[in-house]
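Before any comments, here is the structure.
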Amino acid sequence: MIVVAIIGILAAVAIPQFLEYMNRSKGNEAVINLNALEKSAIRHFIEDSGYPTGTEGATPGANCCTQNVGGGRRCAALDADWTGAGHPVWTSLDFRMTKPFFFQYAYTGEATGQTFTLTATGNTDCDAISAVYTLRDVSLDVVANPELIKPPVRD
């Protein structure tokens, strides 16, 4: 009986910690992709004297929990969501997803090409709380200096 009680206590502590670890590791997708987008945006800034202008709404349009590709609560990586005439910003940033993923990505570039905001929004455990990662450059100068803002850690 004591062994069963000890196993129960250990499970009560370990399982929530494991689930939180899984959610944090899924959040790394957003950080990695925003980092890649940051590099592409800076390259664009240097080569074209400004960031891409225009807007790309949440891509893909439906959140990943509702798509549930392969039962993994992920979005499908469809070229039509990222490339072609309907997606000039993703094309200019040379960004598209090639494997199923957890976050929706959006971009807003100010008309002068001097500022931008990128967001990655995802609900990695498909509960009522979404995590939003934001990458922005609002320096309004000739130096590209984006800043990444991570969501607060959940209790």
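Each reported figure results from applying straightforward, stated rules to the coordinates on display, with no laboratory input. Remember, predicted model here, so these are calculated numbers, not experimental data. Methodologically, a virtual Cβ is constructed for each residue, glycine included, from the backbone with ideal geometry; neighbour enumeration extends over all protein chains shown.
Mind ranking 56-62, 130-136 by how tightly packed they are, going by the mean number of other C-beta atoms within 10 angstrom, highest first? Write out the running numbers ahead of the final one.
Values: 56-62: 15.3, 130-136: 18.1.
Highest-to-lowest ranking by the protection proxy: 130-136, 56-62.
The alpha-carbon of Lys99 sits under 17 angstrom from the alpha-carbons of these aspartates and glutamates, leaving out residues fewer than 8 places away in its chain: Glu29, Asp79, Asp81.
For the chain, the longest principal axis of the alpha carbon atoms and the long axis of helix 2-48 meet at an angle near 10°. Sorting the segments 41-54, 95-108 by their residues' average number of neighbouring beta-carbon atoms within 10 angstrom, most packed first, yields 95-108, 41-54. Would you be so kind as to identify which of Cys64, Gly50, Val13 lies farthest towards the positive end of the dipole of the chain, taking Lys and Arg as +1 and Asp and Glu as -1 on Cβ and the Cα centre as origin? Selected residue: Val13.
Here are labelled values, (1) -0.63, -0.74, -1.38, -1.52; (2) -0.72, -0.80, -1.22, -1.30; (3) -0.71, -0.82, -1.51, -1.64, and one is the computed log10 I(q)/I(0) by the Debye sum over Cα atoms at q = 0.14, 0.15, 0.20, 0.21 Å⁻¹ for what I pasted. Which one? Checked against the structure: label (2).
How much length would be gained if the chain were fully extended between Val138 and Ala5, taking 0.36 nm per residue of separation minus their Cα-Cα distance, in nm to one decimal?
Numbers: separation 133, 0.36 × 133 = 47.88 nm, distance 5.51 nm.
Full-extension gain reported as 42.4 nm.
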